[in-house]
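What follows is a short report on a single structure.
The values are calculated or read from the model by the stated rules, or taken from the named source; none is laboratory data. Model, not experiment: these values are computed from the prediction. Reconstructed Cβ throughout: ideal geometry from the backbone, glycine too, with neighbour counts over all protein chains shown. Side chains included, ligands, DNA and RNA excluded: accessible areas come from the protein's heavy atoms. Shrake-Rupley method; radii C 1.70, N 1.55, O 1.52, S 1.80 Å.
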Amino acid sequence: APLRSYDPMISPLLWTTMVTGVGPDLHGVADFQAIDDATGKRVPITGRFRKVKALWNILSDAGRSSAFVAWWASYPAEKVNGVQVSNLVVYETLRPKPAGSRLPPGIAFPDDYFPRIRPALHTAADLTFEEMRAILRIDRDEFEAARREVLAPPTSDEESANRRIVQHPVPLAISILTGSKNYATIAADLAAGRRDLTAVYFEGIDMMGHRFQHCLPPRLALCPDADFARYRDAVTSFYVVQDRLLGPILEAAGSGATVLLVSDHGFKTGAGRPVDLLPFTTQQPVEWHDEDGVFILSGPGARRGVRLTGRATLFDIAPTILYLLGLPASRQMPGHPLLEAIDPGLQRAHPPRPPVASYETLGGPREAVATGGPGAEEAEQELLANLRALGYIGGDPGSSPAVGAAPAGGSPGLRTVAPGGAAASVSTGPGAATQVFYHRNLATYFLKQQAYAKAAEQLLLANERQRLPKNYQMLAEAYSGMGRTDEAIAALERGLKEVEGMDPESVLWMVQIRLASPSGRTAALGVARRWASVTAARPGLDDAIAALLAENGGDPGAAALYRRALAADPTRVIAAQRLYALEGAREGAGLEPILRGALAKDPRIDEYHNLLGAILASTGREREALAELRRATDLDPDNPRFAANLGATLARLGRWEEAAAAYERAAAIEPSPATFMKLGSVYRRLARPEKALACFERARDLGEGGSGPVLGIALAQAEMHRLPEALATVRLGLERHPDDRALRELEDDLVRRTRTPGSAPGRPGSGR
């Protein structure tokens, strides 16, 4: 199955969700880095930020064994029933170490495991030219020079060292391959131990994608000819290498093991790649991520030859693993075991256990190995250097922006354990302060959930740390979602006044918000006048603002103004939405080339896929429409309009089961009378009158005052052979709608049927 990720698609958040079953609002890992309280330096985010138990803790509490290798944010290693090798291991094994050198504390648990496995591991010095030549089309001299660069100790010039890898991709590929081979060696060793669960995280495919995906065929202009010649096979060849590395792990695990392979997100390929943004652009690499990752289940626990029909998400991974181990999920986990992927015989023998309330109150507290020392600090800084090289983080490594306190709640119950195993001290918090992106990432998560108040709270914290344009734009979105339009406007205006780089398009949004507010046109004109000097510099923006004002005033020239605004910038979503609203789907077919042109530039504009789908459906091209509407719902699965439009198109194609699923999704997101009426009609088509009846009743209860719900209720009752009830329902409806022809025809039909038992129910307008 494809495995649905979530925004923000940032690895520490996503991999922590997979081993906790909850989102960053609960697990607390919401960024790549933090600020160390003691030194003021940036450090990678650690397990001390995690506020809940992970699978390794849950299994230990249940008396089960586990082994985890290189999992994101697993440093410092925790005391578990089994083995934990933290995510700093690659930097401990990249270069040869002097004889007798000690392992930095916190890298692994128990403390005797890593010294035992270390002789089986290899450094970059052991990598051969033939191994690298299988990935990159380079000559031996370039390989040797790059390997020397990797093996050289970090320079004292941190900025130079941190930029080195992005300037020289061959050293990066060498370090990736070295680390991946060592991960595989450790994982195979641990899998042979037949523990209840062995898990390993491989970072190589993601890192190779961020450095070389733009050079995949067909070549993008972003990839110079010389790079294309050398790196065109880098990503696909590394997939072959990665696949080969899994072999020894599966062999060590044995044929009796059930194997789960997952990724936290996908990667854009082919025509779906950004054409104007390198995959390692600072703080924008997620633009290259795809929402769908990989889910593969194999082995004795898996159902054979099945592709899941339901949507699998990251939140389902922990519950599925717990189910396979005979343990319950918790009610804190929004996901569910993916039973459709599980062997039916296993399900019959072992039905899912009722969920526990929370795993936080079961078992003992989490315990972490003591940390510190120059070796660990060097490994942490090298991890940050790689993240900086790949664009995940930015900034000068030697300084930090303004920061605030550690997140409320800290890491309750997390103790520090010395290498000997005794509790050395009690940690009352992560020991590091959060940065702006920690809070903005949480806000992104909350906005997707429409938890607007929580999003606003996080964005205010983000602004306390560093004022950035996107903070203000997201804050306005949160206030607008809460209906607090004055505060939404104030947030945008503060951004325009206080920070550089604020998007002038914010003025267009402010005008739209004001026109819909009680203050109306007068306030909107005031906004437009106040920021006229800002909007004048952006081509077509004044036309879009004038169009909004013209439409509000009933001026028929509004459509022409919207078209001028879109000619200047076809990605101006507000203008496209309003033009569609004015002209409708058929008349607005002239929008189609504009939408297609904009999507060629940016295929992630979900509203454009939705509008294009509506236009295609209205002009008889339902199958083309279906592809666009599916893409819209993929990009924004929580948008009820998109789900409802998808349902309508599926219904037009007679694909009733799929239509029902789409309407069910729309109704769950935003219950509305119209959606329940359509869903009820689909259920009638599927001969499920009980469900149809519930939908029509819900539409009535939500305030649909017309005759539609009454008609639907009566028809469903008739189809359930409850003829007297159906007739009574119709007659009550006629008291309110005496001139309704469909109700009158249904009354006549029901009267005849009560006199002639066994006759089939009629349809409104059928004459029966």
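When you count the other C-beta atoms within 10 angstrom of each residue and take the mean per peptide, 619-626, 320-327 line up highest first as 320-327, 619-626. Here the stretch 433-453 is scanned for amide nitrogen atoms under 11 Å from the site 7 Å beyond the Cα of residue 482 along Cα-to-Cβ, giving 452-453.
If the segment from residue 702 to residue 101 were pulled out straight at 0.36 nm per residue, it would be longer than the present Cα-Cα gap by 209.3 nm. Can you classify the stretch 683-727 as rounded, prolate or oblate using the Cα gyration tensor, where a ≥ b ≥ c are the square roots of its eigenvalues, rounded means a/c under 1.5, and otherwise it's prolate if a/b beats b/c and oblate if not? Verdict is oblate for the stretch 683-727. Per residue, the solvent-accessible area of the chain (1.4 Å probe, heavy atoms of protein chains only, all protein chains present) comes to 42 Å². Dividing the mean sequence gap of close Cα pairs (under 8 Å, 6+ apart) by how many residues the stretch 175-255 holds gives a relative contact order of 42 percent.
Taking amide H as placed 1.01 Å from N in the peptide plane, residue 313 has its amide H under 5 Å from the amide H of 4, each at least 5 places away in sequence or on another chain.
In the chain, helices alone account for a calculated mean residue ellipticity at 222 nm of -16000 deg cm²/dmol, with every DSSP H run of four or more residues adding -39,500 (n - 2.57). Rank 686, 46, 720 by how far each Cα sits towards the positive end of the charge dipole of the chain (+1 on Lys, Arg Cβ; -1 on Asp, Glu Cβ) and give me just the farthest. The Cα lying farthest towards the positive end belongs to 720.
Between amide H atoms placed 1.01 Å from N, distances below 5 Å from residue 34 occur with 43, 45, all of them 5 or more places distant or on a separate chain. In terms of its alpha-carbon gyration tensor, the stretch 512-567 comes out oblate; a/c meets the 1.5 threshold, while b/c is at least as large as a/b.
Taking Cα extents along the principal axes in Å straight from the coordinates, which label in (1) 96, 70, 51; (2) 99, 80, 55; (3) 123, 49, 46 is the correct one? The value computed from this structure is option (1). Proximity of backbone amide H atoms, modeled 1.01 Å from N, is registered between residue 199 and 67, 68, 69 at under 5 Å, excluding neighbours fewer than 5 places apart on the same chain. Sequence gap at least 6, Cα distance under 8 Å: using those rules, report the relative contact order of the stretch 167-321 to the nearest whole percent. Contact order relative to length: 23 percent. Legend: distances between Cα atoms for 51/79; 268/601; 448/470; 41/497; pairs beyond 25 Å are 41/497. Taking a ≥ b ≥ c as the square roots of the Cα gyration tensor eigenvalues, the stretch 1-157 comes out prolate, since a/c reaches at least 1.5 and a/b is larger than b/c. Residue 533 exposes around 100 Å² of accessible area when a 1.4 Å probe is run over every protein chain in place. Around the Cα centre of the chain, unit charges on the Cβ atoms of Lys, Arg, Asp and Glu (plus for the first two, minus for the last two) sum to a dipole of about 1620 debye.
For the stretch 659-669, take each phi angle, set θ = phi - 60°, evaluate the Karplus expression 6.51 cos²θ - 1.76 cosθ + 1.60, and give the result in whole Hz per residue in order, putting x for glycine and proline. Listing the rounded values in order: 4, 4, 4, 5, 5, 4, 5, 4, 5, 5, 6 Hz.
Evaluating 6.51 cos²θ - 1.76 cosθ + 1.60 at θ = phi - 60° for every residue in the stretch 20-35, the Karplus couplings come out as 10, x, 10, x, x, 5, 9, 7, x, 9, 10, 6, 7, 8, 9, 10 Hz, glycine and proline recorded as x.
Of 56, 531, the order by accessible heavy-atom surface (1.4 Å probe, DNA, RNA and ligands excluded), from most exposed downward, is 531, 56. What net charge do the residues around residue 469 carry, taking every other residue with its C-beta under 9 Å from that of residue 469, with Lys and Arg at +1 and Asp and Glu at -1? Once all neighbours under 9 Å are counted, the net charge is 0. Neighbours of residue 573 by Cβ distance under 11 Å: Lys/Arg scored +1, Asp/Glu scored -1, total -3.
Report the charge-dipole magnitude of the stretch 11-148 in Debye, nearest 20, computed about the Cα centre from +1 at each Lys and Arg Cβ and -1 at each Asp and Glu Cβ.
With only Lys, Arg, Asp and Glu charged at Cβ, the dipole is about 220 debye.
Computed over protein heavy atoms with a 1.4 Å probe, the carbon and sulfur contribution to the accessible area of the chain reaches 52%. Computed with a 1.4 Å probe over protein heavy atoms only, the accessible area of residue 636 comes to about 30 Å².
Net charge of the neighbourhood of residue 225, taken over other residues with C-beta under 14 Å away and scored Lys/Arg +1, Asp/Glu -1, is +3. Here the peptides 104-113, 668-677 are ranked by packing, the mean other Cβ count within 10 Å, and the order with the highest first is 104-113, 668-677. Note that the stretch 194-206 has calculated 3J(HN,Hα) couplings of 6, 6, 5, 8, 10, 9, 9, 9, 9, 8, x, 4, 5 Hz, one per residue in order, obtained from phi through the Karplus relation 6.51 cos²θ - 1.76 cosθ + 1.60 (θ = phi - 60°); glycine and proline are x.
Please compute the length gained on full extension between residue 739 and residue 192, using 0.36 nm multiplied by the number of residues separating them and subtracting their Cα-Cα distance. Please list the in-between numbers first.
Values: separation 547, 0.36 × 547 = 196.92 nm, distance 7.78 nm.
Result for the pair: 189.1 nm of gain on full extension.
Placing R0 at 41 angstrom, the Cβ-Cβ distance between residue 732 and residue 450 gives a FRET efficiency of 0.65 after rounding to 0.05. Exposure check, 1.4 Å probe, all protein chains in place: residue 340 carries approximately 60 Å² of accessible surface. Here's the picture: a label point sits 7 Å out from the Cα of residue 340 along the beta-carbon direction, and within the stretch 628-669 the residues with their amide nitrogen under 15 Å of it are 657-665.
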